Structures are given as C-alpha cells and as structure tokens.
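The values are calculated or read from the model by the stated rules, or taken from the named source; none is laboratory data. These numbers come from a predicted model, not from an experiment. Don't worry about glycine lacking a Cβ; one is built from the backbone with ideal geometry, like all the others, and counts go over all protein chains shown. Only protein heavy atoms, including side chains, enter the accessible area calculation; ligands, DNA and RNA are left aside. Shrake-Rupley method; radii C 1.70, N 1.55, O 1.52, S 1.80 Å.
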Amino acid sequence: MRRAEFLAAAKGPRLHRPAFVLQVGLRPDAPDRVGIGFTVTKKLGGAVVRNRIRRRLRAAVRAAADALSAGGVDLVIVARQAALTCPFDQLVAQLREAFARPPRGSARTGSRASS
C-alpha cells in the first residue's frame, strides 16, 4: 500500500480490538481488491520489538485470510502493545472477527466536536 492509501484509511471507520485497531478505507475504483497494511509505532518499542509485532500480525493475517468477506477496501492494522503478548490463536480470532464484518460507517472528519 502507498502512503495515500494509509491516509485515506485513517479517515475511514475504525474497529477497536485489544491487540489492534482496524482502519478501513473504501476503494470504489477496485471492487475486487483488498489491500492490507500495518502500522507499528515507536511507542511500542525498539526496532526488534516492532519487527516482532509486525511478523506476528502478518502471520495472523495469513491464518485469518479466509475470513475476508469484502473487496474494494484497504485495511490498515494499527498494532497495540497486546499484539506482542496476546496468544497467537486469540490474535487470529480477533482478526477473523474483524475481517468478517469490517466497519463500513461514515468517514471520519479528523476533528471531534467538543461537548
């Protein structure tokens, strides 16, 4: 995925799970394409830790890929600290659940209204 696709997904609906946040960007120009990207920030640790999290997420996505139900979307998985310590089968289960029904709500505006 390219940077523009990551930014578009960041403005879309989100689905929060203990090990990750799934961001969804719609791709009406490619109805059969599913793009998957990963974001692992420096807040989670050094390069070794971030790479380990990224490898675990990639392996879990491969294991849960059969649950992808929709095309025409870009999915960005933003890792949380729990992605490192969560048992692998639970990580796969969280991804399967998220892939089975990705959020298709309205786009985010980037700012929140104050109460």
Notebook entry, point to check: Are there any pairs with C-beta distances below 9 angstrom linking a residue in region 71-93 that is farther than 12 Å from Arg50 by Cα and open to solvent by 30 Å² or more (accessible area, probe 1.4 Å) to a residue that is of a type in the set (Lys, Arg) and assigned to a helix (DSSP H, G or I), with the two at least 6 apart or on different chains, and if so which?
Noted result: Phe88/Arg56
Notebook entry, point to check: Looking at Arg62, is it open to solvent by 70 Å² or more (accessible area, probe 1.4 Å) and part of a helix (DSSP H, G or I)?
Noted result: yes
Notebook entry, point to check: within 10 Å of the chain's Cα centre (by Cα), free of Cβ contacts under 8 Å to residues at least 40 places away in the same chain and part of a helix (DSSP H, G or I): does that describe Leu7?
Noted result: no
Note to self: Which numbered condition in (1) touching a Phe, Trp or Tyr at 6+ places or on another chain (Cβ under 9 Å); (2) at pLDDT 90 or above; (3) closer than 20 Å to Arg101 by Cβ; (4) hydrophobic (A, V, I, L, M, F, W, C) is the only one that Ala59 fails?
What the structure shows: (3)
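For every residue, the table says whether it meets (1) of a type outside the set (Gly, Ala, Ser); (2) exposed (fewer than 15 other Cβ atoms within 10 Å of the Cβ).
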residue	(1), (2)
Met1	yes, no
Leu7	yes, yes
His16	yes, yes
Pro28	yes, yes
Gly37	no, no
Thr41	yes, yes
Gly46	no, yes
Ile53	yes, no
Notebook entry, point to check: If you go through region 55-76, how many residues are within 17 Å of Arg33 (Cβ to Cβ) and within 12 Å of the chain's Cα centre (by Cα)?
Noted result: 5
